[in-house]
1. Using the structure shown, decide if A219 is without any contact (Cβ under 8 Å) to a residue 40 or more places away in the chain, more than 24 Å from S117 (Cβ to Cβ), more than 13 Å from ligand 1 (Cβ to nearest atom) and surrounded by fewer than 16 Cβ atoms within 10 Å (Cβ to Cβ).
2. Which of the residues belonging to the stretch 117-157 are away from ligand 2 (no atom under 16 Å from the Cβ), in contact (Cβ under 8 Å) with a residue 40 or more places away in the chain and either assigned to a helix (DSSP H, G or I) or of a type in the set (D, E) (or both)?
3. Only one of C112, C106 is hydrophobic (A, V, I, L, M, F, W, C) and in a helix (DSSP H, G or I). Can you tell me which?
4. With respect to H85, is the statement that it is within 16 Å of ligand 1 (Cβ to nearest atom) and either over 14 Å from T278 (Cα atoms) or part of a helix (DSSP H, G or I) (or both) true?
5. Let me confirm something: among A292, A280, A284, A273, which residue is of a type outside the set (S, T, Y) and either within 14 Å of ligand 2 (Cβ to nearest atom) or farther than 23 Å from T25 by Cα (or both)?
6. Mind counting the residues in the stretch 173-214 that are in a helix (DSSP H, G or I) and hydrophobic (A, V, I, L, M, F, W, C)?
7. So L74 clears everything in (1) touching a Gly at 6+ places or on another chain (Cβ under 9 Å); (2) within 11 Å of ligand 1 (Cβ to nearest atom) except one condition, right? Which one?
8. Taking into account only those residues within the stretch 1-26 that are more than 16 Å from ligand 1 (Cβ to nearest atom) and polar (S, T, N, Q), which is surrounded by the most Cβ atoms within 10 Å (Cβ to Cβ)?
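The values are calculated or read from the model by the stated rules, or taken from the named source; none is laboratory data. Small disclaimer: the values here were computed from a predicted structure and weren't measured. Virtual Cβ from ideal backbone geometry, glycine too; neighbours counted across all protein chains shown. SASA here: full protein model, heavy atoms, side chains in, ligands and nucleic acids out. Shrake-Rupley method; radii C 1.70, N 1.55, O 1.52, S 1.80 Å.
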Amino acid sequence: AFPTKVRIVEMGARDGLQNEKAVSTKDKITLINALSDAGLKDIEAGAFVSPKWVPQMADSAEVIKALDLPHVNLSALTPNLKGAHVALDAGVREFAIFTAASESFCQKNINCSIDESIERFSEVMTFAKANNIRVRGYVSCIAGCPYEGDIAPQKVLEVTQKLLALGCYEVSLGDTVGVGTANKITEVLSLLLQHIDKTKLAVHFHDTYGQALTNIYAALSLGIATVDAAVAGLGGCPYAKGASGNVATEDVVYLLNGLGIEHGIDLQRLSNAGWQITQAIGKAPVSKVAIALHNT
Ligand code: HMG
Ligand code: MG
């Protein structure tokens with residue numbers, strides 16, 4: 001059954017901007033404040049990763065230190081202990097650790113095997129617990145991998161269970177390349193839901209093939225109540241060539257409105273935030289809803 005309320009985790013400032021060159025620190029801060037004003041309570045604000053790997057996120061500490069949003073759950077990627085230390089110091093309230101259901105993707109993305117990633121994360125987890133920080137997990141490539149093609153749902157289950165066993169309060173399931181269609185997503189989620197409570201799962205869909213919203217509908221129908229999305233459909237992954245951004249938050253909010261599902265977000269303000277950041281980087285939103293609201 002559909003949930004009555006959905007929590008949207010906003011990815012625009014991290015997943016959205018990690019692939020965009022030359023976005024100023026000031027524009028990032030303006031974006032996150034505008035997202036908060038639109039009612040978003042869970043905002044991934046940056047990534048404490050190697051600046052050699054992803055230079056776009058090198059100013060994450062500066063961005064987060066400049067925010068004054070006590071009522072917002074500000075999270076950031078922390079792939080290792082080094083990142084976790086800097087993140088905590090900057091004022092991050094939730095860590096996110098990330099691995100994959102595909103060995104090749106894991107290697108290309110974080111330079112280690114899936115098992116090694118879990119070992120690294122256990123140090124991050126210990127540090128997080130000692131500092132009262134909750135930790136979210138990500139599994140990439142749940143519906144396919146840019147290097148390996150098809151991924152067995154069983155593998156997604158195994159990796160998800162490892163992250164939960166480490167102590168993640170929730171695991172976000174990434175269709176990193178956006179190749180999944182509704183039946184595939186339903187197959188993977190149905191397997192996971194046989195073993196894992198639905199309150200511990202989130203979906204994180206990229207829209208490369210235009211399937212993200214349909215896939216979210218499939219996930220909602222199975223009772224999943226946490227959805228990752230990026231304002232204006234910003235983004236892409238530097239280690240998944242050709243993959244486009246996350247599903248647009250505006251489009252998800254419009255869908256939820258139609259389904260009568262609560263979300264707490266002001267769609268017009270959200271759309272304005274999307275127009276503002278995309279104009280700052282010389283683009284237009286990749287969101288049909290944002291464009292429609294602008295033209296009507
Ligand atoms: P490595 O090279 O194996 O690590 O990278 P290392 O420990 O050997 O360190 C190498 C250098 O990086 C050293 O510097 C470290 O100090 C530095 P050097 O001595 O050469 O000058 N370093 C760091 N600097 C700052 N912050 C850190 C840090 N760690 C090491 N935390 C590492 C391993 C994980 C760091 C690297 O592979 C990395 O940063 N990868 C980036 C991955 C990334 O950000 N990918 C995009 C986000 S994931 C995604 O988009 C998917 C998701 O959205 C879900 C989905 O869509 O599926 C989440
Ligand atoms: Mg992603």
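1. Against the criterion (without any contact (Cβ under 8 Å) to a residue 40 or more places away in the chain, more than 24 Å from S117 (Cβ to Cβ), more than 13 Å from ligand 1 (Cβ to nearest atom) and surrounded by fewer than 16 Cβ atoms within 10 Å (Cβ to Cβ)), A219 does not qualify.
2. I118, R120, F121, S122, E123, V124, M125, F127, A128, E148, K155
3. None of the other options fit; the residue is C106.
4. Yes.
5. Only one candidate passes the filter, namely A292.
6. Within the stretch 173-214, residues that are in a helix (DSSP H, G or I) and hydrophobic (A, V, I, L, M, F, W, C) number 9.
7. Of (1) touching a Gly at 6+ places or on another chain (Cβ under 9 Å); (2) within 11 Å of ligand 1 (Cβ to nearest atom), only one is false for L74: (2).
8. T25
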